[in-house]
Every structure is written in C-alpha cells, then in structure tokens.
Amino acid sequence: FNWEKVKEYQDILYFKHQGIAKIVINRPHKRNAFRPQTVFELYDAFCDAREDQKIGVILLTGAGPHTDGKYAFCSGGDQSVRGKAGYVGNDGVPRLNVLDLQRLIRTIPKVVIALVAGYAIGGGHVLHLICDLSIAADNAIFGQTGPKVGSFDGGFGASYLARVVGQKKAREIWFLCRQYNAQEALDMGLVNKVVPVEELEAEGIDWAKEILAKSPIAIRCLKSAFNADCDGQAGLQELAGNATLLYYLTEEGAEGKQAFLEKRPPNFNEYPWLP
Ligand code: 2NE
C-alpha cells in the first residue's frame, strides 16, 4: 500500500492513499502517550481528513514496536507533563485537549477505525473506544488506570464504555484497573476483530476498502444516528445537520433559496405532502 505522507509533524505521522487516511501516534518511547502537542497535531490531521472529500475512512494507530520490542496504541496522557490543572504544553498552559479530539473523532462524518497493537491504556483506551470500529492485534492489551494514577474520564470514557460493554463490565474496568487481552476484549464486545499483529494494518485496509464501496451519505447518516442515541442534544444536532444537508440536495430545498435570490415568492406547489 503506497502511503503518501501528507504533512510533517513532531509527534504524529499522517498519510493518505486511495480514500484512506492513516494517523499514527509516534511517541513509542512513551508507549505513545499524548502530550498537548500530540493532541493538537492529531486534531489538525483529523480536520484535514474531514475536509478532504476523497477520504472516507481514517485509520488511527500507534507507531511501533519500540526498541524494546513492545507495541502500543496509546498509553493515555503523558504523566511527565501533567501539571496541577491538566497536561502542560510548551506554552505553560495546562489542558485536557484530548476531550476536543474525542468529540471530533466521534462526530467526523467518516468512519474511524482504531488499529490497536499493544497497549491501549488510560486515555489511550478511551481513544480506541470512541472510534467507530476497533481491530486488535493478538498482542493488544486494554485497560483504564485512572483511579490508580489520580485521574478519571467520566465522559465518553465512562458512559460510552458502559454502552459498549454494559454497566457491570464498565464498572469493573474502571474500579479494578485490570488489563484485558485481545480475546477478552473481543468477548466483551470492545473490539470488532482480533488478528495476528503482522496482519493488523492489512486487515484495517481491507475493512476500509469494503466501507469505501458503500454510499457515503448512508454511512454518514448511520454514524450520526448511532451517536444521536447516546449524545443528547449534541447528537440530535449532528443527525439533524444531515437532514438539512439532504434537504439542500433536493430541488424543493433549492427552490426556496432560488426564489429568495430572484426576489420572487417561492413556488413549492409541485412538491407533494408525502404520506
Ligand atoms: C502502558 C503501560 C502499562 C506499559 O507498561 P510497560 O511495563 O510495558 O512499559 P513502561 O516501562 O511502564 O513504559 C515505558 C516507558 O514509557 C513511559 C514510561 O515511563 C517508560 O519510560 P522510561 O522509564 O523508559 O523513561 N510511559 C508509559 N506510559 C506513559 C504515560 N502515560 N505517561 C508518561 N510516560 C509513559 C505502562 O507504561 C503504564 O501503565 N503507563 C501509564 C498509563 C496511564 O496511567 N496513563 C494515564 C491515564 S490518565 C489519562 O490518560 C487521562 C485521563 O484519565 C483523563 C483525561 C486525559 C487523560
């Protein structure tokens, strides 16, 4: 697969090819923990993929293996830059900007697939969780650590986890901070498939190609419909935005705009009041 590099970043790698974007967290010496800079770059790459009309599927993964042979998807917030009020960037400002990234991944009208090799831990576990689909390598390890390291994610990290694996299991994951292997993750519905680590990217590309053969608007509306079920008014806004988009695409919708521009009353007579 001939990935073409899109842009140079410090903490991530960003590629595109044949309708697929691949975004790679590239801090393997930290098990791909994110600092504010990492998150700003991830946000930038996801925005680029969102705006690119050729891109339908985004693969999110972690660089690896590290020199010690271990793999990581992401080990969450970089604890070495955690200050009193968040993760501190070069500008000295404490942030939890990963929450902005979570919302973007969730609402981006394209399919985001997490390819998880090695550790998906803490805020890194939440990142895979909010992706539309997760494919795990056989060496993947999943878990939350918040109550052990003095943190928690009570947003998607708790409520959406409970939607995915059920209330009892979600509480177990957060309260005990255990680690779960790929098969256990598959059994609890936390991932879609487990493959040998060397086949992880190829599997992701196969899934992406299958999705790309489908109707973009159908996939878009389905994603927002799945979100609307959990996301309250923000979810309804997303779903309704798609209804507006579809309406704009109709002649009936265009007639209203055209009449305004031509300074005449709109003529909706030929459009039926469907049952
Ligand atoms: C991921 C895990 C289980 C891996 O263990 P192991 O034994 O394979 O590796 P090791 O030796 O712990 O880590 C390798 C190097 O990566 C650094 C380590 O400090 C170590 O560095 P050196 O000693 O070689 O210099 N490293 C790993 N994870 C890091 C991290 N998150 N921050 C900074 N450095 C990290 C094991 O490493 C682990 O448990 N990591 C910590 C996981 C964690 O607690 N993450 C934060 C959760 S809180 C969060 O993410 C969050 C939130 O709750 C709410 C909002 C935003 C973020």
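The values are calculated or read from the model by the stated rules, or taken from the named source; none is laboratory data. Everything numeric here is computed off the predicted structure, so don't read it as measured data. Note that we place each Cβ from the backbone using ideal geometry, even for glycine, and neighbour counts take in every protein chain shown.
Here are some notes:
- Taking the stretch 142-167 as the range and being within 11 Å of the ligand (Cβ to nearest atom), part of a helix (DSSP H, G or I) and among the hydrophobic types (A, V, I, L, M, F, W, C) as the test, the residues that pass are VAL149, PHE156, ALA158.
- Test for ALA218: is it among the small types (Gly, Ala, Ser), surrounded by fewer than 14 Cβ atoms within 10 Å (Cβ to Cβ) and not in a strand (DSSP E or B): yes
- Residues of the stretch 22-54 that turn out to be surrounded by fewer than 19 Cβ atoms within 10 Å (Cβ to Cβ), under 16 Å from the mean Cα position of the chain (by Cα) and not charged (D, E, K, R), as a count: 2
- Residue identified as more than 17 Å from LEU190 (Cα to Cα), crowded, with 22+ Cβ neighbours inside 10 Å and either of a type in the set (A, V, I, L, M) or at pLDDT 95 or above (or both) among GLY157, GLY62, GLY118, GLY123: GLY62
- Of the residues making up the stretch 194-207, at least one is more than 16 Å from ALA120 (Cα to Cα) and assigned to a loop (DSSP other than H, G, I, E, B).
- Odd one out for ASP138 among (1) surrounded by fewer than 20 Cβ atoms within 10 Å (Cβ to Cβ); (2) more than 9 Å from the ligand (Cβ to nearest atom); (3) over 20 Å from ALA72 (Cα atoms); (4) in contact (Cβ under 8 Å) with a residue 12 or more places away in the chain: (3)
- Of the residues ILE105, ILE113, the single one that is away from the ligand (no atom under 12 Å from the Cβ), in a helix (DSSP H, G or I) and not basic (Lys, Arg) is ILE105.
- Positions within the stretch 79-96 being crowded, with 23+ Cβ neighbours inside 10 Å and either more than 11 Å from the ligand (Cβ to nearest atom) or not in a strand (DSSP E or B) (or both), in sequence order: none
- Against the list (1) in contact with a helix residue (DSSP H, G or I) (Cβ under 7 Å, 6 or more places away or on another chain); (2) surrounded by fewer than 17 Cβ atoms within 10 Å (Cβ to Cβ), the condition GLY143 fails is (2).
- Complete set of residues in the stretch 64-78 that are within 6 Å of the ligand (Cβ to nearest atom), part of a loop (DSSP other than H, G, I, E, B) and under 20 Å from the mean Cα position of the chain (by Cα): SER75, GLY76, ASP78
- Tabulated pairs, the stretch 94-108, first among the basic types (Lys, Arg), second surrounded by fewer than 20 Cβ atoms within 10 Å (Cβ to Cβ) and not in a helix (DSSP H, G or I), C-beta under 8 angstrom, 6+ apart or interchain: ARG95/GLY86; ARG95/VAL88; ARG95/GLY89
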